[in-house]
Structure formats: C-alpha cells, structure tokens
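The values are calculated or read from the model by the stated rules, or taken from the named source; none is laboratory data. Quantities reported herein were computed from a predicted structural model and do not represent experimental measurements. Quick reminder, even Gly has a Cβ in these numbers, built from the backbone with ideal geometry, and neighbours come from all protein chains shown.
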Amino acid sequence: MGAPLATVAAFNAVLFTVRGQMETVLRSEPGAPFTVGQQVVAGAGAEVAVSFLACSTELIKFRLQAQSVLASAAPAPAAAAATVTVPTAAVKYGGPINVAKQVLKSEGGTRGLFKGLFPTLAREVPGNAVMFGVYRRPSRSSPAGRTRRSSAVGR
C-alpha cells in the first residue's frame, strides 16, 4: 500500500509544481488575472510532465501485477482433468528495481521504460486541461467566489 501512495504523492507534487511554474511563465504580468485559456494550457503542460513519470512507473507496476496474476493462477474446475500448471519460470522479476533493470537491458534502454507514453499522454492531458480550465470557473461565478478567494490556485 505504501508504494501506490508514494507514487500518487510524487505525481501530485510534480503536477502542481509544474502547473505553478507554467502559471508564472504564462501570466502576462505579475498579479494579472489568470484566464481560463491559460489555466487549460498550464494544466495540459503539467500533465505532460506527470505523464513522463507515470509512464515508467505504471509499466513497472503492470509487469509486477501481471507476473503475480500468472504465478497465482489456478486451473479452472472444469479443466481439472487436464490440469495445467504454471511453470515456476513465470516469476521473472524480483521487484520494481529488477523490472527496471531488465527493461533497460533487454527492451531498448530508456525507450523501453517509456512504452505507452503516447497513449498515456492521450489519456491524461485532455482531462487535466479541462479539469484545471474549469476549476476556478464555478467559484468566480458565485457571489461568494467574487468576494472571497480560498485558494492560491489560479491567482
């Protein structure tokens, strides 16, 4: 349970750090209001950075999950007569570091760790752009939101 929580923390740290940096770059002048379009661009750019981190960690996680499913697979009751056993060679990886080492060694080096980067970008960037684009919109349209700002995001 600790590893998934650590990756979520790392993803969010990168997401909000890069988003803040993009806000600084995109803002026309200090203190100027941040437009919805700028929010969208900042959110999309931040997710591009997170996708580079997520792609390699998800590849490692998926390889370990697939390995454990194959290793613990039991034959179906209907197939009891023709029992198929999973060979002990199904355990290919000794842990996350071992997965990374084997991928780097046998699957094209660093490029191997980023298999699936473009689908990850296609999945994550649009959603994050929309999320940040509409994040401040409801609070600006409500009477309470016009008089009180409870968050530094979007300033």
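Within the range 37-56, restricting attention to residues that are among the small types (G, A, S) and over 15 Å from P119 (Cα atoms), which residue is modelled with the lowest pLDDT? Among those that are among the small types (G, A, S) and over 15 Å from P119 (Cα atoms), it is G37.
Given the condition assigned to a helix (DSSP H, G or I), under 19 Å from G43 (Cβ atoms) and modelled with pLDDT of 90 or more, answer yes or no: does some residue in the range 78-98 qualify? Checked against the condition, which is being assigned to a helix (DSSP H, G or I), under 19 Å from G43 (Cβ atoms) and modelled with pLDDT of 90 or more, the range 78-98 yields no hits at all. Here L59 clears all of (1) at pLDDT 90 or above; (2) within 21 Å of V130 (Cβ to Cβ) except the condition numbered (2).
A single member of V130, V103 is at pLDDT 90 or above and farther than 21 Å from Q39 by Cβ, and it is V103. Among the residues of the range 34-72, those identified as touching a residue at least 40 places away in the same chain (Cβ under 8 Å) and in contact with a Lys or Arg (Cβ under 7 Å, 6 or more places away or on another chain) are F34, V36, Q39, A42, G43, A46, L59.
Scoring F16 on the criteria (1) more than 30 Å from M131 (Cα to Cα); (2) modelled with pLDDT of 90 or more; (3) of a type in the set (F, W, Y) leaves a single failure, condition (1). Quick check, is L70 of a type outside the set (G, A, S), more than 16 Å from A129 (Cβ to Cβ), part of a helix (DSSP H, G or I) and modelled with pLDDT under 90? Answer is yes for this residue. Residues of the range 93-117 being among the β-branched types (V, I, T) and exposed (fewer than 11 other Cβ atoms within 10 Å of the Cβ), which ones? Within the range 93-117, I97, T110 qualify.
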